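Take a look at the structure set out below.
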Amino acid sequence: MEKQRYERPVIKKLETNMPNKYGLRTEYRPMTHIDGVEVTQLIQDHGSPLFVISEQTIRRVYREAKKAFATRYPKVQFAWSYKTNYLDAVCHVFHQEGSWAEVVSGFEYDKAIRNGVDGSKIIFNGPDKTEMDLEKAIKNESLIHMDHLDELYSVIELATKLNKKPKVAIRVNMDTGIYPMWDRFGFNYENGQAWDALNKIMRSEKLELIGLHCHIGTFMLSASAYSAAAYKLADLALGVKKKYNHDIKYIDMGGGFASKNTLKGSYLPGSDVNPTFDDFAEAITSALINSNFEPDNLPLLILETGRALIDEAGYLLGTVISNKRSSLGKRTTIVDIGVNILFTSFWYDHKVTPAQPFTQYTEDTTIYGPLCMNIDVIRDSISLPLMNKGDHFVIHHVGAYNMTQWMQFITLRPKVVMIDANSNVHVIRKGETIDRITEFEAIPKHLEGFEL
Ligand SMILES: *Cc1c(COP(=O)(O)O)cnc(C)c1O
(Lines give C-alpha, C1' and ligand atoms only; values in the text may rest on other atoms or scores of the structure.)
Protein backbone atom coordinates (compact mmCIF):
# COMPACT_ATOMS: atom_id res chain seq x y z
CA MET A 1 0.00 0.00 0.00
CA GLU A 2 1.20 3.48 -0.81
CA LYS A 3 2.38 5.49 2.16
CA GLN A 4 -0.26 8.01 3.22
CA ARG A 5 0.60 11.67 3.10
CA TYR A 6 1.31 13.41 6.36
CA GLU A 7 -1.26 15.90 7.38
CA ARG A 8 -1.00 18.17 10.37
CA PRO A 9 -3.43 17.33 13.19
CA VAL A 10 -6.34 19.73 13.51
CA ILE A 11 -8.95 20.58 16.06
CA LYS A 12 -12.25 20.79 14.29
CA LYS A 13 -15.32 22.68 15.35
CA LEU A 14 -18.28 20.33 15.05
CA GLU A 15 -20.73 21.51 12.44
CA THR A 16 -23.95 19.72 11.69
CA ASN A 17 -24.64 20.46 8.07
CA MET A 18 -27.67 19.37 6.09
CA PRO A 19 -27.19 15.81 4.94
CA ASN A 20 -27.44 14.97 1.27
CA LYS A 21 -29.53 11.97 0.34
CA TYR A 22 -26.70 9.64 1.30
CA GLY A 23 -26.39 11.16 4.74
CA LEU A 24 -23.33 13.11 5.76
CA ARG A 25 -20.87 11.19 3.63
CA THR A 26 -18.59 13.11 1.28
CA GLU A 27 -18.48 11.42 -2.08
CA TYR A 28 -14.98 12.50 -2.99
CA ARG A 29 -12.48 10.59 -4.96
CA PRO A 30 -9.50 12.29 -6.58
CA MET A 31 -9.69 12.80 -10.31
CA THR A 32 -6.16 12.01 -11.42
CA HIS A 33 -6.91 11.32 -15.12
CA ILE A 34 -9.25 12.60 -17.81
CA ASP A 35 -9.88 10.13 -20.63
CA GLY A 36 -6.63 8.35 -19.80
CA VAL A 37 -4.47 11.46 -19.60
CA GLU A 38 -2.91 12.48 -16.32
CA VAL A 39 -4.19 15.81 -15.00
CA THR A 40 -0.77 16.84 -13.66
CA GLN A 41 0.76 16.06 -17.05
CA LEU A 42 -1.85 18.22 -18.80
CA ILE A 43 -1.01 21.12 -16.50
CA GLN A 44 2.72 20.56 -16.90
CA ASP A 45 2.41 20.60 -20.69
CA HIS A 46 -0.19 23.32 -21.14
CA GLY A 47 -0.20 25.44 -18.01
CA SER A 48 -2.76 26.22 -15.35
CA PRO A 49 -5.60 27.05 -15.60
CA LEU A 50 -6.51 24.85 -18.54
CA PHE A 51 -9.80 24.01 -20.22
CA VAL A 52 -10.04 20.38 -21.30
CA ILE A 53 -12.71 19.00 -23.60
CA SER A 54 -13.42 15.32 -23.94
CA GLU A 55 -14.31 14.43 -27.53
CA GLN A 56 -15.61 11.04 -26.46
CA THR A 57 -17.97 12.61 -23.96
CA ILE A 58 -19.39 15.00 -26.56
CA ARG A 59 -20.07 12.10 -28.90
CA ARG A 60 -21.50 9.86 -26.18
CA VAL A 61 -23.87 12.52 -24.81
CA TYR A 62 -24.92 13.59 -28.31
CA ARG A 63 -25.74 10.00 -29.26
CA GLU A 64 -27.69 9.55 -26.04
CA ALA A 65 -29.77 12.64 -26.83
CA LYS A 66 -30.25 11.65 -30.47
CA LYS A 67 -31.37 8.19 -29.45
CA ALA A 68 -33.89 9.53 -26.92
CA PHE A 69 -35.64 11.43 -29.72
CA ALA A 70 -35.07 9.14 -32.71
CA THR A 71 -36.53 6.11 -30.93
CA ARG A 72 -39.74 8.06 -30.30
CA TYR A 73 -40.18 10.12 -33.46
CA PRO A 74 -39.40 9.36 -37.12
CA LYS A 75 -37.77 12.61 -38.26
CA VAL A 76 -35.29 14.30 -35.92
CA GLN A 77 -32.55 16.82 -36.64
CA PHE A 78 -30.20 18.48 -34.17
CA ALA A 79 -28.66 21.91 -34.84
CA TRP A 80 -25.64 22.85 -32.75
CA SER A 81 -26.15 26.06 -30.76
CA TYR A 82 -22.99 27.99 -31.58
CA LYS A 83 -23.22 30.45 -28.71
CA THR A 84 -23.03 27.61 -26.20
CA ASN A 85 -19.52 26.75 -27.39
CA TYR A 86 -18.30 27.91 -30.78
CA LEU A 87 -14.73 26.70 -30.69
CA ASP A 88 -14.29 25.33 -34.20
CA ALA A 89 -13.08 21.91 -33.04
CA VAL A 90 -16.17 21.52 -30.86
CA CYS A 91 -18.48 22.55 -33.73
CA HIS A 92 -16.72 20.08 -36.02
CA VAL A 93 -17.42 17.19 -33.62
CA PHE A 94 -21.13 18.09 -33.64
CA HIS A 95 -21.17 18.51 -37.43
CA GLN A 96 -19.42 15.15 -37.84
CA GLU A 97 -22.21 13.67 -35.73
CA GLY A 98 -24.75 15.15 -38.15
CA SER A 99 -25.77 18.38 -36.40
CA TRP A 100 -26.69 21.42 -38.43
CA ALA A 101 -25.68 24.86 -37.11
CA GLU A 102 -27.88 27.21 -35.06
CA VAL A 103 -26.52 30.76 -34.92
CA VAL A 104 -27.71 34.00 -33.34
CA SER A 105 -25.46 36.65 -34.92
CA GLY A 106 -23.64 37.56 -38.11
CA PHE A 107 -20.36 36.56 -36.47
CA GLU A 108 -21.67 33.11 -35.61
CA TYR A 109 -23.20 32.79 -39.08
CA ASP A 110 -19.83 33.46 -40.70
CA LYS A 111 -18.18 31.01 -38.33
CA ALA A 112 -20.58 28.26 -39.40
CA ILE A 113 -19.94 29.01 -43.09
CA ARG A 114 -16.17 28.93 -42.48
CA ASN A 115 -16.60 25.59 -40.73
CA GLY A 116 -18.03 24.31 -44.01
CA VAL A 117 -21.69 24.07 -43.04
CA ASP A 118 -23.95 24.31 -46.08
CA GLY A 119 -25.99 27.52 -45.95
CA SER A 120 -29.24 25.59 -46.15
CA LYS A 121 -28.33 23.81 -42.92
CA ILE A 122 -27.83 26.96 -40.90
CA ILE A 123 -30.66 28.16 -38.69
CA PHE A 124 -30.38 31.90 -38.16
CA ASN A 125 -31.99 33.05 -34.90
CA GLY A 126 -31.78 36.20 -32.83
CA PRO A 127 -33.21 39.71 -32.80
CA ASP A 128 -30.20 41.47 -34.38
CA LYS A 129 -29.65 40.39 -37.96
CA THR A 130 -28.36 43.23 -40.13
CA GLU A 131 -29.54 43.76 -43.72
CA MET A 132 -26.17 42.39 -44.80
CA ASP A 133 -26.59 39.29 -42.65
CA LEU A 134 -30.08 38.75 -44.01
CA GLU A 135 -28.95 39.20 -47.61
CA LYS A 136 -26.22 36.62 -47.11
CA ALA A 137 -28.64 34.22 -45.45
CA ILE A 138 -31.20 34.62 -48.24
CA LYS A 139 -28.60 34.01 -50.95
CA ASN A 140 -27.37 30.90 -49.09
CA GLU A 141 -30.94 29.63 -48.60
CA SER A 142 -30.48 29.53 -44.84
CA LEU A 143 -33.41 29.12 -42.48
CA ILE A 144 -34.28 32.57 -41.17
CA HIS A 145 -36.18 32.56 -37.89
CA MET A 146 -37.89 35.89 -37.52
CA ASP A 147 -37.99 37.65 -34.21
CA HIS A 148 -40.02 40.80 -34.89
CA LEU A 149 -42.08 42.57 -37.57
CA ASP A 150 -39.30 44.99 -38.55
CA GLU A 151 -37.26 41.98 -39.54
CA LEU A 152 -40.20 40.49 -41.40
CA TYR A 153 -40.59 43.68 -43.46
CA SER A 154 -36.84 43.77 -44.21
CA VAL A 155 -36.89 40.17 -45.42
CA ILE A 156 -39.89 40.91 -47.67
CA GLU A 157 -38.05 43.90 -49.15
CA LEU A 158 -34.87 41.91 -49.67
CA ALA A 159 -36.85 39.10 -51.30
CA THR A 160 -38.08 41.55 -53.92
CA LYS A 161 -34.65 43.11 -54.38
CA LEU A 162 -32.85 39.77 -54.72
CA ASN A 163 -35.70 38.08 -56.56
CA LYS A 164 -35.48 35.11 -54.19
CA LYS A 165 -38.06 33.38 -52.00
CA PRO A 166 -36.43 33.30 -48.54
CA LYS A 167 -37.08 30.29 -46.32
CA VAL A 168 -38.48 31.61 -43.08
CA ALA A 169 -39.92 30.52 -39.76
CA ILE A 170 -41.21 32.60 -36.90
CA ARG A 171 -40.10 32.36 -33.33
CA VAL A 172 -43.10 31.95 -31.08
CA ASN A 173 -43.21 32.66 -27.35
CA MET A 174 -45.96 31.27 -25.21
CA ASP A 175 -47.19 30.53 -21.73
CA THR A 176 -45.76 27.13 -20.81
CA GLY A 177 -46.47 27.39 -17.11
CA ILE A 178 -42.94 28.63 -16.38
CA TYR A 179 -42.58 32.15 -15.01
CA PRO A 180 -41.23 34.67 -15.67
CA MET A 181 -42.17 33.92 -19.26
CA TRP A 182 -39.57 34.44 -21.94
CA ASP A 183 -41.79 36.72 -24.00
CA ARG A 184 -39.18 39.14 -25.33
CA PHE A 185 -38.20 36.97 -28.27
CA GLY A 186 -40.49 36.29 -31.19
CA PHE A 187 -44.25 36.58 -31.44
CA ASN A 188 -46.69 35.71 -28.70
CA TYR A 189 -49.05 32.78 -29.14
CA GLU A 190 -51.80 33.70 -26.72
CA ASN A 191 -52.37 37.31 -27.76
CA GLY A 192 -52.49 36.66 -31.49
CA GLN A 193 -49.11 38.18 -32.48
CA ALA A 194 -47.97 34.82 -33.86
CA TRP A 195 -51.04 34.52 -36.11
CA ASP A 196 -50.59 38.11 -37.22
CA ALA A 197 -47.03 37.35 -38.34
CA LEU A 198 -48.08 34.12 -40.04
CA ASN A 199 -50.85 35.91 -41.96
CA LYS A 200 -48.42 38.63 -43.06
CA ILE A 201 -45.99 35.99 -44.34
CA MET A 202 -48.61 33.95 -46.15
CA ARG A 203 -50.34 36.97 -47.68
CA SER A 204 -47.09 38.55 -48.88
CA GLU A 205 -46.46 35.51 -51.09
CA LYS A 206 -42.81 36.55 -51.14
CA LEU A 207 -41.60 34.17 -48.43
CA GLU A 208 -41.62 30.43 -48.01
CA LEU A 209 -42.99 29.68 -44.55
CA ILE A 210 -41.04 26.57 -43.73
CA GLY A 211 -41.10 26.16 -39.95
CA LEU A 212 -42.17 27.23 -36.50
CA HIS A 213 -39.70 27.82 -33.72
CA CYS A 214 -39.64 28.32 -29.98
CA HIS A 215 -36.93 28.42 -27.32
CA ILE A 216 -38.76 28.63 -24.05
CA GLY A 217 -35.94 29.17 -21.59
CA THR A 218 -32.64 27.78 -20.45
CA PHE A 219 -31.74 25.16 -17.86
CA MET A 220 -35.38 24.11 -17.76
CA LEU A 221 -36.19 21.84 -14.86
CA SER A 222 -39.61 20.92 -16.15
CA ALA A 223 -40.10 18.65 -19.15
CA SER A 224 -43.83 19.33 -19.18
CA ALA A 225 -43.23 22.96 -20.25
CA TYR A 226 -41.96 21.52 -23.55
CA SER A 227 -45.11 19.52 -23.93
CA ALA A 228 -47.21 22.69 -23.59
CA ALA A 229 -44.97 24.47 -26.12
CA ALA A 230 -45.08 21.61 -28.62
CA TYR A 231 -48.90 21.48 -28.48
CA LYS A 232 -49.08 25.21 -29.18
CA LEU A 233 -46.69 25.05 -32.15
CA ALA A 234 -48.59 22.04 -33.50
CA ASP A 235 -51.80 24.01 -33.17
CA LEU A 236 -50.32 26.87 -35.24
CA ALA A 237 -49.00 24.47 -37.88
CA LEU A 238 -52.37 22.74 -38.18
CA GLY A 239 -54.07 26.14 -38.36
CA VAL A 240 -51.82 27.22 -41.25
CA LYS A 241 -52.59 23.97 -43.03
CA LYS A 242 -56.32 24.50 -42.61
CA LYS A 243 -56.34 28.17 -43.53
CA TYR A 244 -53.80 28.23 -46.37
CA ASN A 245 -53.46 24.54 -47.25
CA HIS A 246 -49.75 24.99 -46.59
CA ASP A 247 -47.53 22.36 -44.94
CA ILE A 248 -45.13 23.48 -42.22
CA LYS A 249 -41.99 21.41 -42.84
CA TYR A 250 -40.49 21.54 -39.37
CA ILE A 251 -41.16 22.30 -35.75
CA ASP A 252 -38.07 23.56 -33.95
CA MET A 253 -38.28 23.19 -30.17
CA GLY A 254 -35.12 25.19 -29.46
CA GLY A 255 -32.82 24.28 -26.59
CA GLY A 256 -32.81 24.89 -22.88
CA PHE A 257 -32.62 21.34 -21.53
CA ALA A 258 -30.93 21.28 -18.13
CA SER A 259 -27.45 19.78 -18.01
CA LYS A 260 -26.24 17.72 -15.08
CA ASN A 261 -24.98 20.76 -13.19
CA THR A 262 -26.39 21.71 -9.81
CA LEU A 263 -28.11 25.08 -9.60
CA LYS A 264 -27.12 27.22 -6.64
CA GLY A 265 -29.49 26.68 -3.76
CA SER A 266 -30.54 23.27 -5.01
CA TYR A 267 -30.77 20.65 -2.28
CA LEU A 268 -29.88 17.59 -4.34
CA PRO A 269 -27.21 17.26 -7.02
CA GLY A 270 -28.38 18.12 -10.54
CA SER A 271 -27.11 14.81 -11.89
CA ASP A 272 -29.72 13.08 -9.71
CA VAL A 273 -32.75 15.31 -10.07
CA ASN A 274 -32.65 17.20 -13.38
CA PRO A 275 -34.85 15.78 -16.16
CA THR A 276 -33.08 13.47 -18.61
CA PHE A 277 -33.09 13.51 -22.42
CA ASP A 278 -35.70 10.76 -22.22
CA ASP A 279 -37.96 12.98 -20.12
CA PHE A 280 -37.68 15.91 -22.54
CA ALA A 281 -38.04 13.64 -25.59
CA GLU A 282 -41.11 11.94 -24.17
CA ALA A 283 -42.81 15.29 -23.45
CA ILE A 284 -42.08 16.76 -26.89
CA THR A 285 -42.63 13.77 -29.14
CA SER A 286 -45.83 12.62 -27.49
CA ALA A 287 -47.27 16.12 -27.84
CA LEU A 288 -46.46 16.13 -31.58
CA ILE A 289 -47.68 12.59 -32.16
CA ASN A 290 -50.87 13.20 -30.20
CA SER A 291 -51.63 16.35 -32.19
CA ASN A 292 -53.74 16.11 -35.31
CA PHE A 293 -50.93 15.80 -37.86
CA GLU A 294 -51.52 13.09 -40.45
CA PRO A 295 -49.48 10.16 -39.17
CA ASP A 296 -47.43 9.86 -42.38
CA ASN A 297 -46.94 13.61 -42.75
CA LEU A 298 -45.36 14.56 -39.44
CA PRO A 299 -43.17 17.66 -39.50
CA LEU A 300 -39.43 17.29 -39.01
CA LEU A 301 -38.54 17.85 -35.34
CA ILE A 302 -35.51 20.13 -34.87
CA LEU A 303 -33.69 20.53 -31.56
CA GLU A 304 -31.18 23.25 -30.77
CA THR A 305 -30.09 21.96 -27.40
CA GLY A 306 -26.78 23.44 -26.29
CA ARG A 307 -25.73 23.19 -22.66
CA ALA A 308 -27.12 19.71 -22.06
CA LEU A 309 -24.90 18.39 -24.88
CA ILE A 310 -21.60 20.02 -24.00
CA ASP A 311 -21.48 20.81 -20.27
CA GLU A 312 -20.32 17.38 -19.19
CA ALA A 313 -17.52 17.25 -21.78
CA GLY A 314 -15.78 20.34 -20.36
CA TYR A 315 -13.33 20.40 -17.44
CA LEU A 316 -11.36 23.26 -16.01
CA LEU A 317 -8.06 22.37 -14.34
CA GLY A 318 -6.50 24.68 -11.81
CA THR A 319 -3.94 25.07 -9.07
CA VAL A 320 -4.16 26.09 -5.42
CA ILE A 321 -2.41 29.40 -4.70
CA SER A 322 -2.89 29.54 -0.96
CA ASN A 323 -5.04 28.61 2.03
CA LYS A 324 -6.21 31.13 4.60
CA ARG A 325 -8.71 31.47 7.41
CA SER A 326 -11.50 34.03 7.22
CA SER A 327 -12.02 36.44 10.10
CA LEU A 328 -14.47 33.90 11.54
CA GLY A 329 -12.04 31.02 11.11
CA LYS A 330 -13.57 29.44 8.02
CA ARG A 331 -11.19 27.76 5.66
CA THR A 332 -10.69 29.63 2.40
CA THR A 333 -8.71 28.40 -0.56
CA ILE A 334 -7.43 30.77 -3.23
CA VAL A 335 -7.09 29.24 -6.66
CA ASP A 336 -5.88 30.44 -10.06
CA ILE A 337 -9.35 30.27 -11.66
CA GLY A 338 -11.49 33.39 -11.53
CA VAL A 339 -15.10 34.07 -12.45
CA ASN A 340 -13.82 35.79 -15.61
CA ILE A 341 -13.17 32.36 -17.11
CA LEU A 342 -15.85 30.51 -15.14
CA PHE A 343 -18.93 32.63 -15.63
CA THR A 344 -21.22 29.76 -14.76
CA SER A 345 -20.03 29.81 -11.15
CA PHE A 346 -22.60 32.59 -10.68
CA TRP A 347 -25.38 30.03 -11.33
CA TYR A 348 -23.99 26.63 -10.48
CA ASP A 349 -22.43 24.93 -7.50
CA HIS A 350 -19.77 23.39 -9.70
CA LYS A 351 -18.37 20.10 -8.52
CA VAL A 352 -14.68 20.42 -7.65
CA THR A 353 -12.40 17.43 -7.09
CA PRO A 354 -8.74 17.36 -6.12
CA ALA A 355 -6.42 15.86 -8.72
CA GLN A 356 -4.22 14.02 -6.22
CA PRO A 357 -4.90 11.53 -3.46
CA PHE A 358 -5.98 12.94 -0.10
CA THR A 359 -6.93 11.73 3.34
CA GLN A 360 -10.43 11.43 4.70
CA TYR A 361 -10.47 14.79 6.44
CA THR A 362 -12.74 17.38 4.85
CA GLU A 363 -13.68 20.88 5.84
CA ASP A 364 -16.27 23.41 4.78
CA THR A 365 -14.32 25.70 2.46
CA THR A 366 -14.85 28.83 0.41
CA ILE A 367 -13.02 28.81 -2.93
CA TYR A 368 -11.88 32.24 -4.10
CA GLY A 369 -10.45 33.12 -7.48
CA PRO A 370 -7.36 35.29 -8.03
CA LEU A 371 -9.13 38.44 -9.26
CA CYS A 372 -8.91 41.43 -6.98
CA MET A 373 -12.66 41.62 -6.69
CA ASN A 374 -15.03 40.60 -3.96
CA ILE A 375 -17.39 38.86 -6.39
CA ASP A 376 -14.68 36.43 -7.41
CA VAL A 377 -16.05 33.37 -5.64
CA ILE A 378 -15.96 29.96 -7.29
CA ARG A 379 -17.78 28.16 -4.44
CA ASP A 380 -19.28 29.82 -1.35
CA SER A 381 -19.31 26.69 0.63
CA ILE A 382 -18.03 23.29 -0.35
CA SER A 383 -16.95 20.37 1.75
CA LEU A 384 -13.46 19.72 0.43
CA PRO A 385 -10.54 17.54 1.41
CA LEU A 386 -7.44 19.54 2.27
CA MET A 387 -5.45 20.83 -0.64
CA ASN A 388 -2.13 22.60 -0.30
CA LYS A 389 -0.39 25.28 -2.31
CA GLY A 390 0.54 23.85 -5.69
CA ASP A 391 -2.05 21.05 -5.59
CA HIS A 392 -4.25 20.66 -8.63
CA PHE A 393 -7.99 20.19 -8.93
CA VAL A 394 -10.66 19.66 -11.55
CA ILE A 395 -13.85 21.68 -11.94
CA HIS A 396 -16.56 19.65 -13.65
CA HIS A 397 -19.26 20.36 -16.23
CA VAL A 398 -17.92 23.63 -17.58
CA GLY A 399 -18.35 22.94 -21.32
CA ALA A 400 -21.32 25.27 -21.87
CA TYR A 401 -21.03 29.04 -22.20
CA ASN A 402 -17.73 29.50 -20.34
CA MET A 403 -15.62 29.39 -23.50
CA THR A 404 -17.85 31.94 -25.22
CA GLN A 405 -18.71 34.28 -22.34
CA TRP A 406 -15.25 34.41 -20.76
CA MET A 407 -13.55 37.77 -20.47
CA GLN A 408 -10.01 38.88 -20.61
CA PHE A 409 -9.49 40.58 -17.26
CA ILE A 410 -6.11 41.21 -15.55
CA THR A 411 -4.79 37.88 -16.84
CA LEU A 412 -4.74 36.11 -20.17
CA ARG A 413 -7.32 33.57 -21.13
CA PRO A 414 -5.99 30.02 -20.93
CA LYS A 415 -5.49 27.35 -23.55
CA VAL A 416 -8.19 24.89 -24.47
CA VAL A 417 -7.22 21.31 -25.30
CA MET A 418 -9.30 18.43 -26.60
CA ILE A 419 -8.59 14.81 -25.75
CA ASP A 420 -9.55 12.45 -28.56
CA ALA A 421 -10.77 8.86 -28.29
CA ASN A 422 -7.16 7.57 -28.33
CA SER A 423 -6.08 9.84 -25.46
CA ASN A 424 -4.21 12.18 -27.79
CA VAL A 425 -4.21 15.77 -26.59
CA HIS A 426 -4.83 18.51 -29.18
CA VAL A 427 -4.56 22.24 -28.55
CA ILE A 428 -7.80 23.65 -29.98
CA ARG A 429 -7.32 27.22 -28.77
CA LYS A 430 -3.97 28.74 -28.00
CA GLY A 431 -3.36 30.65 -24.81
CA GLU A 432 -3.60 34.42 -25.21
CA THR A 433 -0.45 36.50 -25.25
CA ILE A 434 0.09 40.12 -24.26
CA ASP A 435 0.88 40.94 -27.91
CA ARG A 436 -2.42 39.49 -29.03
CA ILE A 437 -4.28 41.73 -26.58
CA THR A 438 -2.34 44.95 -27.20
CA GLU A 439 -2.37 44.55 -30.97
CA PHE A 440 -5.88 46.01 -30.95
CA GLU A 441 -4.76 49.10 -29.06
CA ALA A 442 -3.26 52.36 -30.28
CA ILE A 443 -1.54 55.23 -28.43
CA PRO A 444 -2.29 58.71 -29.83
CA LYS A 445 0.90 60.56 -30.79
CA HIS A 446 0.63 63.19 -28.03
CA LEU A 447 0.49 60.46 -25.35
CA GLU A 448 3.61 58.67 -26.48
CA GLY A 449 6.32 60.01 -24.22
CA PHE A 450 6.37 60.58 -20.48
CA GLU A 451 8.86 61.18 -17.72
CA LEU A 452 8.35 59.96 -14.20
C1 LIG B 1 -29.11 29.84 -26.56
C2 LIG B 1 -30.06 29.22 -27.50
C3 LIG B 1 -30.13 27.82 -27.64
C4 LIG B 1 -29.35 26.88 -26.76
O5 LIG B 1 -29.80 26.96 -25.45
P6 LIG B 1 -29.27 25.96 -24.30
O7 LIG B 1 -29.91 26.48 -23.06
O8 LIG B 1 -27.78 26.08 -24.28
O9 LIG B 1 -29.72 24.58 -24.66
C10 LIG B 1 -30.99 27.31 -28.59
N11 LIG B 1 -31.76 28.12 -29.35
C12 LIG B 1 -31.73 29.47 -29.22
C13 LIG B 1 -32.60 30.29 -30.09
C14 LIG B 1 -30.88 30.06 -28.30
O15 LIG B 1 -30.88 31.39 -28.17
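The values are calculated or read from the model by the stated rules, or taken from the named source; none is laboratory data. Bear in mind the structure is a predicted one, so any value in this text is a computation, not a measurement. As a convention, Cβ positions derive from the backbone with ideal geometry for all residues, glycine included, and neighbour counts pool all protein chains shown.
Figures for the structure shown
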read-out: Region 71-130 - residue that is among the aliphatic types (A, V, I, L, M), closer than 20 Å to Lys167 by Cβ and part of a loop (DSSP other than H, G, I, E, B) and, of those, nearest to the ligand (Cβ to nearest atom); value: Val104
read-out: Of residues in region 269-306 being at pLDDT below 95 and touching a Lys or Arg at 6+ places or on another chain (Cβ under 6 Å), the one nearest to Thr344 (Cα to Cα); value: Gly270
read-out: Residue that is farthest from the ligand (Cβ to nearest atom) [pool: residues in region 251-268 that are farther than 18 Å from His396 by Cβ and surrounded by fewer than 20 Cβ atoms within 10 Å (Cβ to Cβ)]; value: Tyr267
read-out: Selection within region 301-332 - within 16 Å of the ligand (Cβ to nearest atom) and touching a strand residue (DSSP E or B) at 6+ places or on another chain (Cβ under 7 Å); value: Leu301, Ile302, Leu303, Glu304, Thr305, Gly306, Ala308, Ala313, Gly314
read-out: Scan of region 377-399 for residues that are in a loop (DSSP other than H, G, I, E, B), more than 20 Å from the chain's Cα centre (by Cα) and buried (at least 18 other Cβ atoms within 10 Å of the Cβ), ordered by number; value: Leu386, Met387, Asp391
read-out: All positions within region 400-411 that are assigned to a loop (DSSP other than H, G, I, E, B) and either surrounded by 14 or more Cβ atoms within 10 Å (Cβ to Cβ) or among the aromatic types (Phe, Trp, Tyr) (or both); value: Ala400, Tyr401, Trp406, Phe409, Thr411
read-out: Failed item in (1) at pLDDT below 95; (2) surrounded by fewer than 19 Cβ atoms within 10 Å (Cβ to Cβ), with Asp420 passing the rest; value: (1)
read-out: Count of region 220-242 residues which are in contact (Cβ under 8 Å) with a residue 12 or more places away in the chain, of a type outside the set (Asp, Glu) and either over 23 Å from Glu102 (Cβ atoms) or in contact with a Gly (Cβ under 8 Å, 6 or more places away or on another chain) (or both); value: 7
read-out: When residues of region 165-179 are limited to those that are more than 16 Å from the ligand (Cβ to nearest atom) and either hydrophobic (A, V, I, L, M, F, W, C) or not in a strand (DSSP E or B) (or both), the one nearest to Leu152 (Cα to Cα); value: Pro166
read-out: Any hit, region 197-205, residues being at pLDDT 95 or above, away from the ligand (no atom under 15 Å from the Cβ) and farther than 26 Å from Ile122 by Cβ; value: yes
read-out: Search result, residues across region 284-312 that are part of a helix (DSSP H, G or I) and surrounded by fewer than 16 Cβ atoms within 10 Å (Cβ to Cβ); value: Ser286, Ile289, Asn290
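Per-residue answers, yes or no, for (1) part of a loop (DSSP other than H, G, I, E, B); (2) over 24 Å from the mean Cα position of the chain (by Cα); (3) not assigned by TED's automatic domain parsing to the domain that holds Val103:
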| site | (1), (2), (3) |
| --- | --- |
| Glu282 | no, no, no |
| Leu317 | no, no, yes |
| Ile341 | yes, no, yes |
| Ser345 | no, no, yes |
| Thr359 | yes, yes, yes |
| Glu363 | no, yes, yes |
| Thr366 | no, yes, yes |
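Conditions tested, residue by residue: (1) of a type outside the set (S, T, N, Q); (2) surrounded by fewer than 22 Cβ atoms within 10 Å (Cβ to Cβ); (3) not assigned by TED's automatic domain parsing to the domain that holds Tyr250.
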position	(1), (2), (3)
Val90	yes, no, no
Ser105	no, yes, no
Asp110	yes, yes, no
Arg114	yes, yes, no
Val117	yes, no, no
Lys121	yes, yes, no
Lys136	yes, yes, no
Ser142	no, no, no
Asp150	yes, yes, no
